[in-house]
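Q: Have a look at the structure that comes next, please.
The values are calculated or read from the model by the stated rules, or taken from the named source; none is laboratory data. No experiment lies behind these values; they were computed from the predicted model shown. Here Cβ is always computed from backbone atoms with ideal geometry, including for glycine, and neighbour counts include all displayed protein chains.
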């Protein structure tokens, strides 16, 4: 893939870097991330010191971060103003009833997110005249900013495609605008499965015509089970591509047109896998700390829990246990030519 | 006066210069040709013999037909979007809330978004001139509404320019959890709908004593004891929790809320005026003497009251408009705007917003762009700020009343209790069999208007007071019909 010279094409190069170069890049990012993390009260451990040099392997000597920790991070990250670098934006996500996870985002985080939106356009092969419906989630997380970041990315890439940003949370309003999707049918939908299914139900109430005849594919995020994508595929009768994203991590992975697993971007984070047998040991012995392996060094077909480390500028999440059950699908052998490792969501 | 992003050359340009800019933009935007390429204008304009010659002078604009919201709605019902808008240039869509029952979808191109960014920066720099970086709590309604676009566009513009501005942006349903974060971060600017801001103040003021009591019991920290004693003597105010300096309010008139906002939050309120059809953020300045209409970005006109009355009285009469900069201070009328938008230009768009000219002179702040006050809606909308719906929806609800009486007529009187809208529905009925049952039946019917129910449940408006056969309030339309919506002095 030869860069065409514009900003968009130059950034695309990182999608196709060989694995060793990606790992070198990841190590550099990790070094910066851990040096910064050493100053955060959240990561007070003798293993982290400012000014130290951190190689890839040093990451796996650090403790895991759990979902419960995220709830506490929401509070601790905002105490001690001097410890928080320049915050541009606070994102939020309800982790459980009454527990809100607030995460600060800096200029670099926002810039990286915008670049990832551009990558979404590239990986999904967005075409001129595509009409992209983006259904955002409730709250104010990454999906709320996505349509606008994507619009900006498409502008930079000079791709004349349109975005329809929408949100299904206020039922009263959805009924008033939904019929526009019949007049201006989307060719791409980006949505959570429940919203994609909810929208189909509303449109069925308006028209007997086939749903969105121009639709090429649906990109799903926030899936809770593998079955959900099957349901969406059945109703809309187009291929479904999957993605994984984690609010607060500024990391998200995407399935390409070949649909051989979700590519996890090594230039935005590092990925480990806790294999099933380790999880089993942990469940039978609560004191056991499970061992993980680098995702790209795992044997294809191995299943387990995905662990992510983000290179976020303000609040990096280090060794975050996502709770996602995945299968390692390979690295460097996707027909699309992208070298980043792939997973299947289970 | 130091400002981070104060575009003095444009904002303080003498009116003659602004008019020259309008002329240049009318020519540069190739308005006539682009409008004729859209089915929204083409048929009507050809029927009326509109020439396709480019506009050399803005006076030529006044020869063109008006465009109304209903025209846009009908055009979208009859044509594909590709026949109506510049499809190749369209980047993103937003829609109106659909007070009349159907949302209007409006496209924007990259160039349009760039123009909106400019207007956003002009509006935000009203406070950004202060030496410190601001921390902002922004309460927005979700996509596809314009508030979501403007909030994200503001963020992207700030980020792009590397300006310091920390934003906590939340949806209207997440206000409560955001308050604690906003307090900790020392938020000093609030961007919100006035009614939602006041609802937030009510909640803070209601719960402040409980929170202090709980903290005192949990921590035994003397500061909580001191706070406890303080509130035994003083009335809790939202400003005890959030130390806000400025508020930027939009989406509904700030007038009824202004003093309450100042009292509760101790902030300086700024009012903005924008339309989904043309999301150019117009704002009042630090003098708070009317909203400056950025007249280099559009051509604003006004149809005076007297012309609106003639239009109502004489079938087929086409009212005359004056350019906003030529209308006298105090003139009231319908706001009309022509935009240079690339994706969908609006030519002489009648906004149905009744406004009053404050002044066309140079403002104390040095800006030269005309200033207005937004008064109320002219169409058949029951407008209670954020909560608005068509009179047709009330008509439908009343038509469904059959069990305990037959409805012969109705009228809504809009009043306020404090700042809060308090609608009163006066119903004229015949054959009443059970007065109490009838009131319940009417209330049930009204509550089927989703947005009304939502507003009552969210505490943004008070439940409607329903009275039977109490006699409708005087108030006639220009054509002699009894007005469906009347305004109490408290409004």
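Q: Restricting attention to segment A:201-218, and to residues there that are surrounded by fewer than 21 Cβ atoms within 10 Å (Cβ to Cβ) and at pLDDT 95 or above, which single residue is farthest from the other protein chains (Cβ to nearest Cβ)? Don't jump to the end; show me each part of the working.
A: Step one: of segment A:201-218, the residues surrounded by fewer than 21 Cβ atoms within 10 Å (Cβ to Cβ) are A:201-211, A:213-217.
Add one more test, that the residue is at pLDDT 95 or above, and what stays is A:215-217.
Details: A:215: 16, A:216: 18, A:217: 20 Å.
Applying the filter and picking the extreme gives A:217.
Q: Here's another thing I want to ask about it. Evaluate the following for residue A:307: is it crowded, with 22+ Cβ neighbours inside 10 Å, at pLDDT 95 or above, within 23 Å of residue A:242 (Cβ to Cβ) and in contact with a strand residue (DSSP E or B) (Cβ under 6 Å, 6 or more places away or on another chain)?
A: Criteria met by residue A:307.
Q: Given the criteria farther than 26 Å from residue B:110 by Cα and in contact with a helix residue (DSSP H, G or I) (Cβ under 8 Å, 6 or more places away or on another chain), does residue B:84 qualify?
A: Taking the combined requirement at face value, the residue does not satisfy it.
Q: Out of B:427, B:382, I need the residue that is in contact (Cβ under 8 Å) with a residue 60 or more places away in the chain, under 33 Å from the mean Cα position of the chain (by Cα) and buried (at least 19 other Cβ atoms within 10 Å of the Cβ). Which one?
A: Details: B:427 fails: in contact (Cβ under 8 Å) with a residue 60 or more places away in the chain.
Checking each option against the conditions leaves just B:382.
Q: For segment B:153-171, what are the residues that are under 19 Å from residue B:244 (Cα atoms) and outside any strand (DSSP E or B)?
A: Listed by number, the list holds a single entry, B:164.
Q: Let me ask another. State the number of residues belonging to segment B:388-403 that are at pLDDT 90 or above and buried (at least 17 other Cβ atoms within 10 Å of the Cβ).
A: The qualifying residues number 4.
Q: Check residue A:122 against each of (1) more than 9 Å from chain B (Cβ to nearest Cβ); (2) not in a helix (DSSP H, G or I) and name the one condition it does not meet.
A: (2)
Q: For residue A:140, work out the one condition from (1) in a loop (DSSP other than H, G, I, E, B); (2) facing chain B (nearest Cβ under 9 Å); (3) surrounded by fewer than 21 Cβ atoms within 10 Å (Cβ to Cβ) it doesn't fulfil.
A: Going through the list (1) in a loop (DSSP other than H, G, I, E, B); (2) facing chain B (nearest Cβ under 9 Å); (3) surrounded by fewer than 21 Cβ atoms within 10 Å (Cβ to Cβ), residue A:140 breaks only (3).
Q: In the list B:103, B:141, B:97, which residue meets the criterion of being at pLDDT below 85, at the interface with chain A (Cβ under 9 Å from one of its Cβ atoms) and touching a strand residue (DSSP E or B) at 6+ places or on another chain (Cβ under 9 Å)? Full working, then the answer.
A: On the way: B:103 fails: at pLDDT below 85; B:141 fails: at pLDDT below 85.
Sole residue among the options that is at pLDDT below 85, at the interface with chain A (Cβ under 9 Å from one of its Cβ atoms) and touching a strand residue (DSSP E or B) at 6+ places or on another chain (Cβ under 9 Å): B:97.
Q: Might you let me know whether segment A:110-130 holds any residue that is in contact with a strand residue (DSSP E or B) (Cβ under 6 Å, 6 or more places away or on another chain), modelled with pLDDT of 95 or more, within 18 Å of residue A:257 (Cα to Cα) and surrounded by 20 or more Cβ atoms within 10 Å (Cβ to Cβ)?
A: Yes - at least one qualifying residue is present in segment A:110-130.
Q: Could you check how many residues of segment A:127-137 are within 16 Å of the chain's Cα centre (by Cα) and either free of Cβ contacts under 8 Å to residues at least 24 places away in the same chain or facing chain B (nearest Cβ under 9 Å) (or both)?
A: Residues flagged as within 16 Å of the chain's Cα centre (by Cα) and either free of Cβ contacts under 8 Å to residues at least 24 places away in the same chain or facing chain B (nearest Cβ under 9 Å) (or both) within segment A:127-137 amount to 3.
Q: Report, by residue number, each residue of segment A:171-198 that is at the interface with another protein chain (Cβ under 7 Å from one of its Cβ atoms) and either assigned to a loop (DSSP other than H, G, I, E, B) or surrounded by fewer than 18 Cβ atoms within 10 Å (Cβ to Cβ) (or both).
A: A:172, A:183, A:184 - these are the residues of segment A:171-198 that are at the interface with another protein chain (Cβ under 7 Å from one of its Cβ atoms) and either assigned to a loop (DSSP other than H, G, I, E, B) or surrounded by fewer than 18 Cβ atoms within 10 Å (Cβ to Cβ) (or both).
Q: I would also like to ask the following. All but one of (1) at pLDDT 90 or above; (2) in a loop (DSSP other than H, G, I, E, B); (3) more than 7 Å from every other protein chain (Cβ to nearest Cβ) hold for residue B:74; state the number of the condition that does not hold.
A: The single condition residue B:74 does not satisfy is (2).
Q: Out of the residues in segment B:152-168 that are at pLDDT 90 or above and within 21 Å of residue A:134 (Cα to Cα), state the one that is farthest from the other protein chains (Cβ to nearest Cβ).
A: Ranking the qualifying residues of segment B:152-168, first place goes to B:153.
Q: Hey, another quick one. Among the helices (runs of 4 or more DSSP H) confined wholly to segment B:346-463, which include 2 or more residues that are within 14 Å of chain A (Cβ to nearest Cβ)?
A: Details: elements: B:391-399, B:435-447, B:450-457.
Result: B:391-399, B:450-457.
To keep it simple, each residue is scored yes or no on (1) buried (at least 22 other Cβ atoms within 10 Å of the Cβ); (2) away from chain A (no Cβ under 14 Å); (3) over 24 Å from the mean Cα position of the chain (by Cα).
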position	(1), (2), (3)
B:150	yes, no, no
B:172	no, no, no
B:181	no, no, yes
B:194	yes, yes, no
B:200	yes, yes, no
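Q: Which numbered condition in (1) within 19 Å of residue A:142 (Cα to Cα); (2) touching a helix residue (DSSP H, G or I) at 6+ places or on another chain (Cβ under 6 Å); (3) assigned to a strand (DSSP E or B) is the only one that residue A:267 fails?
A: Here residue A:267 meets the rest and fails (3).
Q: Can you name the number of the only condition in (1) more than 9 Å from chain A (Cβ to nearest Cβ); (2) surrounded by fewer than 24 Cβ atoms within 10 Å (Cβ to Cβ); (3) modelled with pLDDT under 90; (4) within 25 Å of residue B:277 (Cβ to Cβ) that residue B:129 fails?
A: For residue B:129, the exception is condition (4).
Q: Among the residues of segment B:404-414, are any within 22 Å of residue B:192 (Cα to Cα) and modelled with pLDDT of 90 or more?
A: No: zero hits.
Q: Identify all residues within segment B:77-109 that are surrounded by fewer than 23 Cβ atoms within 10 Å (Cβ to Cβ) and free of Cβ contacts under 8 Å to residues at least 60 places away in the same chain; write none if there are none.
A: B:77, B:78, B:79, B:80, B:81, B:82, B:83, B:87, B:88, B:98, B:102
Q: Without any contact (Cβ under 8 Å) to a residue 60 or more places away in the chain and within 28 Å of residue A:269 (Cα to Cα): which single residue out of A:224, A:242, A:237, A:204 fits that description? Before the answer, list the steps.
A: Numbers: A:242 fails: without any contact (Cβ under 8 Å) to a residue 60 or more places away in the chain; A:237 fails: within 28 Å of residue A:269 (Cα to Cα); A:204 fails: within 28 Å of residue A:269 (Cα to Cα).
Of the residues listed, the single one that is without any contact (Cβ under 8 Å) to a residue 60 or more places away in the chain and within 28 Å of residue A:269 (Cα to Cα) is A:224.
Q: Quick one: would you say residue A:159 is touching a helix residue (DSSP H, G or I) at 6+ places or on another chain (Cβ under 7 Å), without any contact (Cβ under 8 Å) to a residue 60 or more places away in the chain and more than 8 Å from chain B (Cβ to nearest Cβ)?
A: Details: touching a helix residue (DSSP H, G or I) at 6+ places or on another chain (Cβ under 7 Å): yes; without any contact (Cβ under 8 Å) to a residue 60 or more places away in the chain: yes; more than 8 Å from chain B (Cβ to nearest Cβ): yes.
Taking the combined requirement at face value, the residue satisfies it.
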